[in-house]
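Accompanying notes for the structure given below.
The values are calculated or read from the model by the stated rules, or taken from the named source; none is laboratory data. All figures in this text were calculated on a predicted structure; none of them were measured in a lab. All Cβ positions, even for glycine, are placed from backbone atoms using ideal geometry, and neighbour counts span all protein chains on display.
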Amino acid sequence: MSRMIINGGVPLSGSVTVQGAKNSVLPIMAAAVLTGGKTVIHNCPRISDVECSLRILDHLGCVARWEGDGVYIDTGTMTGSTIPDDLMGDLRSSVIFMGAVLARTGRVRFSPPGGCEIGPRPIDLHLEAMKRLGASAVSDKGSIICRADRLHGAVIELRFPSVGATENAMIAAAGCCELTVIKNAAAEPEISDLAEYLRKAGASVTGDGTGTIEIRGGRFEKSVVHEIIPDRIVTATYLAATAATGGHVRVEGTRPDHLGAVLEALSRMGCEVETGNGTIVLDAGRGLVSPGVVVTGPYPRFPTDAQPLLMAACLKARGETVFEETVFENRFRHVPEMIRMGADISVKGHRAAVRGVNTLRGAEVSAGELRGCAALIAAALSADGESTVGGIKYLDRGYDGLCRGLRALGADIRRID
């Protein structure tokens with residue numbers, strides 16, 4: 001089993017460049033199915049979720065491979081409409097292929113998605129959107145089969161601004177010629193990145209970044225080149241790890257405007273934060289205080305993916321920090337492992353209270369999901385002595401070279417496979 005060995009207690013210092021956004025590239029890879037042509041995606045992170053998406057595309061009969069810093073996809077050779085159970089089980093966001101394959105072939109068969117165990121990911125919102133667009137959905141031996149002789153435009157009002165359901169609806173709607181209006185849509189930056197790809201591919205998309213998105217499909221381009229936006233959660237990871245260790249970091253190749261809630265929380269903690277064109281500089285050398293109450297929610301509120309990371313930075317901050325998790329019910333799975341390091345945390349329902357301690361000690365801990373794994377690494381970097389962090393397979397789902405980046409900042413960290 002892969003694990004990280006970390007000797008903590010050393011402030012991080014230096015500069016690091018951020019990878020492309022995991023949560024942008026996956027829906028864009030799925031959307032490439034619509035074009036029936038070639039897509040080149042630059043700034044694509046080399047992570048296991050991308051590898052899984054490449055295998056899904058290959059299974060569907062597409063040409064999909066790495067080329068330099070990105071991927072090349074040709075969906076003109078596509079012949080399949082079934083996503084295998086093993087690939088659905090490996091990729092939590094694999095359901096994003098539903099709308100694309102349905103719009104392209106009129107049929108898609110898949111099983112419920114797997115991935116990180118941070119709480120159920122019901123696909124009812126996705127299926128409701130497909131039904132509004134004219135599809136039917138039935139269960140068959142543990143799989144779901146969606147069919148549509150022809151998708152049509154519709155008004156889709158989501159009960160919750162789900163990122164995945166918004167993306168699936170956008171992709172499927174781009175496959176119809178009529179107008180589709182998505183209300184209560186997610187507004188995350190990754191939604192706008194998908195919208196930009198769809199516009200390049202030939203669809204009309206307006207309103208992305210707001211609660212109402214309008215989409216009308218069109219004649220698709222046979223060649224699309226797109227560059228993925230920087231990963232805001234990876235940026236948050238480097239910032240939180242630096243804050244946890246009382247260090248100083250310059251993060252390059254990022255988008256400060258995508259991280260408003262995170263930067264505001266770090267500033268409340270006493271970090272000095274300066275932003276520039278594609279850069280964020282953070283200095284935590286003066287010590288940390290509690291940021292107070294942190295409530296997760298849809299963008300532009302504090303992102304649930306950054307909650308474990310900020311918690312790691314709060315473990316030694318003076319005072320009490322309260323985290324209220326409103327998105328995923330199992331987002332506190334990292335808490336017992338942090339307690340093994342000497343953290344003072346109590347959980348009641350969807351709220352976790354963190355009381356800052358003077359010191360943390362190295363320990364053997366194990367992660368159960370992606371962001372919790374990164375948070376445990378950040379906590380270990382701020383602890384005295386040696387820590388072993390297991391569950392690194394989850395880290396591989398979303399981070400391209402995190403260990404290498406942390407070493408560049410002076411961390412004593414090594415990976416053992």
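Are any residues in region 134-154 more than 18 Å from Ser81 (Cα to Cα) and either assigned to a strand (DSSP E or B) or in contact (Cβ under 8 Å) with a residue 40 or more places away in the chain (or both), and if so, which ones? Passing the criteria: only Gly153. Within region 277-308, being more than 20 Å from the chain's Cα centre (by Cα), among the aliphatic types (A, V, I, L, M) and over 27 Å from Leu409 (Cα atoms) holds for one residue alone: Val293. One residue is enough: does region 122-131 have a residue meeting the conditions in contact with a Gly (Cβ under 9 Å, 6 or more places away or on another chain), free of Cβ contacts under 8 Å to residues at least 60 places away in the same chain, part of a loop (DSSP other than H, G, I, E, B) and β-branched (Val, Ile, Thr)? The answer is yes; a qualifying residue exists. The residues of region 253-298 that are in contact with a Gly (Cβ under 6 Å, 6 or more places away or on another chain) and aliphatic (A, V, I, L, M), listed by number, are Ala284, Leu288, Val289. Residue check: is Cys373 without any contact (Cβ under 8 Å) to a residue 60 or more places away in the chain and among the hydrophobic types (A, V, I, L, M, F, W, C)? Taking the combined requirement at face value, the residue satisfies it. Say whether the condition of being closer than 20 Å to Phe220 by Cα and at pLDDT 95 or above is met by at least one residue in region 108-116. No, because not a single residue in region 108-116 is closer than 20 Å to Phe220 by Cα and at pLDDT 95 or above. Among the residues here, Ile228 qualifies as closer than 18 Å to Pro45 by Cβ and not aromatic (Phe, Trp, Tyr).
Within region 278-298, restricting attention to residues that are assigned to a strand (DSSP E or B) and touching a helix residue (DSSP H, G or I) at 6+ places or on another chain (Cβ under 9 Å), the residue that is farthest from Ile229 (Cα to Cα) is Val289. Of all residues in region 177-188, those satisfying the criterion of being surrounded by fewer than 22 Cβ atoms within 10 Å (Cβ to Cβ) and modelled with pLDDT of 95 or more are Glu178, Leu179, Val181, Lys183, Asn184, Ala187. For the criterion of being part of a helix (DSSP H, G or I) and surrounded by fewer than 19 Cβ atoms within 10 Å (Cβ to Cβ), Asp193 fails. Checking the structure you have, find out if any residue of region 327-347 is aromatic (Phe, Trp, Tyr) and under 19 Å from Leu259 (Cβ atoms). Looking through region 327-347, none of the residues is aromatic (Phe, Trp, Tyr) and under 19 Å from Leu259 (Cβ atoms).
Among the helices (runs of 4 or more DSSP H) confined to region 1-110, the ones with at least 1 residues that are surrounded by fewer than 24 Cβ atoms within 10 Å (Cβ to Cβ) are located at 48-59, 85-90, 97-105.
Just to confirm my filter: which strands (runs of 3 or more DSSP E) fall fully inside region 346-417 and include at least 1 residues that are of a type in the set (S, T, N, Q) and surrounded by fewer than 24 Cβ atoms within 10 Å (Cβ to Cβ)? Correct list: 364-366, 386-390.
Evaluated against (1) surrounded by fewer than 16 Cβ atoms within 10 Å (Cβ to Cβ); (2) farther than 30 Å from Asp74 by Cβ; (3) not aliphatic (A, V, I, L, M), Thr245 falls short on exactly one condition, (1). Comparison of Ser162, Ser139, Ser192 shows that the only residue that is out of contact with any strand residue (DSSP E or B) (no Cβ under 7 Å at 6 or more places or on another chain), hydroxyl-bearing (Ser, Thr, Tyr), more than 20 Å from Gly36 (Cβ to Cβ) and modelled with pLDDT under 90 is Ser139. For region 259-276, the set of residues classified as of a type outside the set (D, E, K, R) and either under 23 Å from the mean Cα position of the chain (by Cα) or not in a loop (DSSP other than H, G, I, E, B) (or both) consists of Leu259, Gly260, Ala261, Val262, Leu263, Ala265, Leu266, Ser267, Val273, Thr275, Gly276, listed by residue number. Determine, yes or no, whether Thr237 is closer than 27 Å to Val163 by Cα, crowded, with 18+ Cβ neighbours inside 10 Å and not hydrophobic (A, V, I, L, M, F, W, C). Yes: the conditions hold for Thr237. For region 199-244, the candidate set comprises residues that are in contact with a strand residue (DSSP E or B) (Cβ under 8 Å, 6 or more places away or on another chain) and of a type in the set (Asp, Glu); within that set, the residue that is farthest from Leu381 (Cα to Cα) is Glu214.
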